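Visitor: So that we are looking at the same thing, I have put the structure below in structure tokens.
The values are calculated or read from the model by the stated rules, or taken from the named source; none is laboratory data. Note that the coordinates shown come from a computational prediction; the quantities given were computed from them, not determined experimentally. Here the Cβ is made from the backbone with ideal geometry for all residues, glycine too, and neighbour counts use every protein chain on show.
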Amino acid sequence: KILKKNVIFVWAIFSFVITGYCADWVIGDKPPYNETYVISSTETLNHSGNIIIGNYGTLKVEGILNLTGNIIVTNFGKFLVNGGEFHHKGDNTCVAVIKNGQMIFSNNALYREELSYVYQHAIYSSDTARIEFRDSRIDYNGCTGTIELHGNSIYLANNVTAPDWKTWYAYDTSTINVTNMHTSGDIVLNKNDPITMKFTDSDSVMPWLHFGNGAKVNYTFPAPSTAPVTIKIDKQTPGIEGVPWSFEIVNCTNTAWGITPYPGSKVTINDSILTMLLYRFIGPSSGTITGIMRNASYYDNLTVPVSDRTLKLVNTYVNWWKVDVREGYELHASSIVFSEMIVRENSKSYLTNSICEGQTLHLGALEDAFVHFENGEIWSFVSAWDNSVMVLKNSLVDYRKGPHHYQTRNIAHENSRLYCLNTSFGYKTSPTESEPEAADSALVMYLKLNEPDIVYNNSNIDITGSAWIKVGPSTTTISFNKYRLSYKKEESQDWTLINESQSQVKDGLLGTWNTAGLESSSYTLRLECWINDSRQDYPANNYPAELKVRVLSRPEVSYTAFKEKNIILRGFVTLTHNELGEVNYTSDDYRRMESWGANCQSIRMHAVNIGAWPGSQVSQPYLERLDNMVSLGKAHGIYTILKMTMYGTPGFNWADLWNNQNGEQDAVINAWRTISDRYKNETFIAGYDLLNEP
């Protein structure tokens, strides 16, 4: 997507260059056109804007070039980095080498893209352009690099240190020739083009071999091995017919295999281990898939039930399924486990109870696509581009669960819409690592209803959660209007208003639900959001967050009932401290415990805070915290058991306590006198655990 956008930009810029109206830095725009600009080994140049090198002009970098913008090399221009460093910064930028242009890195030169999300920068080539890395370094900042080759362009690499994964997208008659690169990456063939690919003495190579219309395949791939592999696959290979491309590896380690069977192909894979199987659903048509495509699965004899091609897997293991939906296809899928899904070109995808594990990136939508993902998990990240819409409902997006951390940011770009409904985003230290973002003119809407799952009638229940939006920096036409919180009985069609507000809420009170007079039954809470938005094809208020709630009649809670043993205690251990320090509870915590059916808490008291060990003293603030926990429990019908523990007690050992070596037993007894005197008249104290742990 970024590449397509930037190629259009490249041609627009080039048209300005040749007419003399471009204000960016241009090398080779004036006679005699063979201008050379050198950044010396002692120089650091920072440039914001676009650099165009053309008409036999040359930019030679021996020092450091920091660029925030695009660089276009065209019309026999040369971008040469000889022992220097090139750092590509900013957003949505590319290096485009076209029209006989050349980009050559040599002599320990560094090519670095400062990436924080995939496709933030890219390399693009076309026509008869040449890209070459000799005795150099490539750094993608721990992310995944993108290279797209068109026309008769050539990508050469020899003796390159490149620790990050990279993806080549190869088209037309382009050539990739790589020798001694660690790590390499995957080579994606999106069309039935005569691409030439050769990797020698390299590590981690994975082709996505394209079997297009008319291809006939009955093949067994070599078993994966860390040992060096040499093989060539083309139309001369037994069992391979109707392919125009050639793929060769010579003495390469950690080679993996991927295939892309297209409509019109007949493909049978026998006795193989496929690291990746890319399956593209091509419209205009629709279909349903349930449970077949699941990562890390063995298939004894499977024929995928899609009529436009034949794909048979015989005694074959598929590690990753990648799914693409294109050209107006409408896919309905349930219970699938996949490595990535890209929905594009006005297609639609409805997924339920599925998992995107993220081995080959993420869940993405672009080019007017629509994605509805419900009751599932995404173990990487999501992105939406150019006018697409993505709805995440009752789901989890958490890059920490995935095997590869390509990026942590979840971003809506351009004029896309990302609606997050009761969906959580995982992070390590800060929510900003993964909280959805709006770039360009995009919109993010976030609606979330917290518990309760169970409430009691004749009560006032605080409903907490979030209702907010984010708007990209390039638009002023989108704004928050209001949210509405309402409820209905399960079988009813009538919604009753709880609260309506024009103020956004982030992790706060949305409204207070008065359950007076409600029957014991199942109800639905609904949170809707209205947004002032000129785009109305998928209005935000059509996508509410909903939560099923059970309303119960409150049982009688009394000390008499407890004494008569009519109550079965069930509940939780509540802590006053953990490894991070004090633990402080709120009414909302106890409401949640009550909603889960708890009627008892066991408070773990620390002996050192109540004077239960020689040398320790009673802490009045600590006793007040205990009072608060007992009171909060009582307010929610939750009894308390007080138990003493010796966690964190300096010098504690059981032998001294057993022998009362220095008055240890006396200290414990005196502490219990303090506690029992304090709570002797509290009817919601269910009992005492005199000494429990460790």
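Visitor: Go through I269, I292 for me and flag whichever is part of a loop (DSSP other than H, G, I, E, B) and closer than 29 Å to W165 by Cβ. Steps first, please.
Guide: Values: I269 fails: part of a loop (DSSP other than H, G, I, E, B).
Only one candidate passes the filter, namely I292.
Visitor: Looking at this structure, is G472 under 22 Å from R550 (Cβ atoms) and surrounded by 20 or more Cβ atoms within 10 Å (Cβ to Cβ)?
Guide: no
Visitor: Oh, and also: Examine the stretch 603-613 for a residue that is in a strand (DSSP E or B), within 26 Å of N457 (Cα to Cα) and more than 33 Å from the chain's Cα centre (by Cα), and state whether such a residue exists.
Guide: No: zero hits.
Visitor: Further question on the same structure: For the stretch 614-652, how many residues are closer than 16 Å to G571 by Cβ, modelled with pLDDT of 90 or more, in contact with an Asp or Glu (Cβ under 7 Å, 6 or more places away or on another chain) and not in a strand (DSSP E or B)?
Guide: So the answer is 2.
Visitor: Would you confirm, using the coordinates I've provided, whether G20 is within 29 Å of E414 (Cα to Cα), surrounded by fewer than 20 Cβ atoms within 10 Å (Cβ to Cβ) and modelled with pLDDT under 95?
Guide: Values: within 29 Å of E414 (Cα to Cα): no; surrounded by fewer than 20 Cβ atoms within 10 Å (Cβ to Cβ): yes; modelled with pLDDT under 95: yes.
Judged against the criteria, G20 is not a match.
Visitor: Related question: Only one residue in N584, N609, N599, N578 is buried (at least 20 other Cβ atoms within 10 Å of the Cβ), under 26 Å from E451 (Cα atoms) and not assigned by TED's automatic domain parsing to the domain that holds E451, so which one is that?
Guide: Matching residue, one of N584, N609, N599, N578: N599.
Visitor: Looking at S125, S41, which one is under 21 Å from A157 (Cβ atoms) and of a type in the set (G, A, S)? Before the answer, list the steps.
Guide: Details: S41 fails: under 21 Å from A157 (Cβ atoms).
Unique residue meeting the criteria: S125.
Visitor: Within the set of pairs 6+ apart or on separate chains, which have a first residue in the stretch 173-201 that is closer than 17 Å to T230 by Cβ and in the same structural domain as Y262 (by TED's automatic domain parsing), a second that is of a type in the set (D, E, K, R) and outside any strand (DSSP E or B), and C-beta atoms under 8 Å apart?
Guide: These pairs meet every condition: T179/D201; N180/D201.
Visitor: Within the stretch 661-675, can one find any residue that is more than 30 Å from L449 (Cα to Cα), surrounded by fewer than 19 Cβ atoms within 10 Å (Cβ to Cβ) and in contact with an Asp or Glu (Cβ under 9 Å, 6 or more places away or on another chain)? Spell out how you get there, then give the answer.
Guide: Residues of the stretch 661-675 more than 30 Å from L449 (Cα to Cα): 661-675.
Now drop any that are not surrounded by fewer than 19 Cβ atoms within 10 Å (Cβ to Cβ), which leaves 661-663, 665-666, 669-670, 672-674.
Checking which are in contact with an Asp or Glu (Cβ under 9 Å, 6 or more places away or on another chain) leaves us with 662.
Yes, that holds for at least one residue.
Visitor: Quick one: which strands (runs of 3 or more DSSP E) sit completely within the stretch 434-502 and have at least 3 residues that are assigned by TED's automatic domain parsing to the domain that holds A516, touching a Phe, Trp or Tyr at 6+ places or on another chain (Cβ under 9 Å) and polar (S, T, N, Q)? Outline the logic, then answer.
Guide: On the way: elements: 443-449, 454-456, 460-471, 479-489, 496-501.
Result: 496-501.
Visitor: Same structure, new question: I want to confirm something. Restricting to the stretch 585-613 and keeping residues that are out of contact with any His (no Cβ under 7 Å at 6 or more places or on another chain) and among the basic types (K, R), which single residue is modelled with the lowest pLDDT?
Guide: R592
Visitor: Report yes if I282 is touching a residue at least 24 places away in the same chain (Cβ under 8 Å) and assigned by TED's automatic domain parsing to the domain that holds G239, otherwise no.
Guide: Yes.
Residue-wise test of (1) more than 13 Å from E528 (Cβ to Cβ); (2) in contact with a helix residue (DSSP H, G or I) (Cβ under 7 Å, 6 or more places away or on another chain); (3) surrounded by fewer than 20 Cβ atoms within 10 Å (Cβ to Cβ); (4) modelled with pLDDT under 95.
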| residue | (1), (2), (3), (4) |
| --- | --- |
| S430 | yes, no, yes, yes |
| I463 | yes, no, no, yes |
| N481 | no, no, yes, no |
| K488 | no, no, yes, no |
| E491 | yes, no, yes, yes |
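Visitor: Considering each of G426, G402 in turn, give the residue that is of a type in the set (G, A, S), closer than 19 Å to L115 by Cβ and either out of contact with any His (no Cβ under 9 Å at 6 or more places or on another chain) or surrounded by fewer than 20 Cβ atoms within 10 Å (Cβ to Cβ) (or both). Even if it seems obvious, please write down each step before you answer.
Guide: On the way: G426 fails: closer than 19 Å to L115 by Cβ.
Testing whether each residue is of a type in the set (G, A, S), closer than 19 Å to L115 by Cβ and either out of contact with any His (no Cβ under 9 Å at 6 or more places or on another chain) or surrounded by fewer than 20 Cβ atoms within 10 Å (Cβ to Cβ) (or both) leaves just G402.
To keep it simple, each residue is scored yes or no on (1) in contact (Cβ under 8 Å) with a residue 40 or more places away in the chain; (2) more than 27 Å from D271 (Cα to Cα).
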| site | (1), (2) |
| --- | --- |
| Y299 | no, no |
| T303 | no, no |
| V306 | no, no |
| N319 | yes, no |
| V323 | yes, no |
| Y329 | yes, yes |
| H332 | yes, yes |
| S349 | no, yes |
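Visitor: Please indicate, with yes or no, whether at least one residue in the stretch 355-368 is buried (at least 19 other Cβ atoms within 10 Å of the Cβ), of a type in the set (S, T, N, Q) and assigned to a strand (DSSP E or B).
Guide: No, there is no match, as no residue in the stretch 355-368 is buried (at least 19 other Cβ atoms within 10 Å of the Cβ), of a type in the set (S, T, N, Q) and assigned to a strand (DSSP E or B).
Visitor: Sort through T253, T316 and tell me the only one that's assigned to a strand (DSSP E or B) and closer than 20 Å to Y219 by Cβ.
Guide: Exactly one residue qualifies, and that residue is T316.
Visitor: Would you confirm whether any residue within the stretch 423-430 is basic (K, R) and either out of contact with any strand residue (DSSP E or B) (no Cβ under 6 Å at 6 or more places or on another chain) or more than 22 Å from F373 (Cβ to Cβ) (or both)?
Guide: yes
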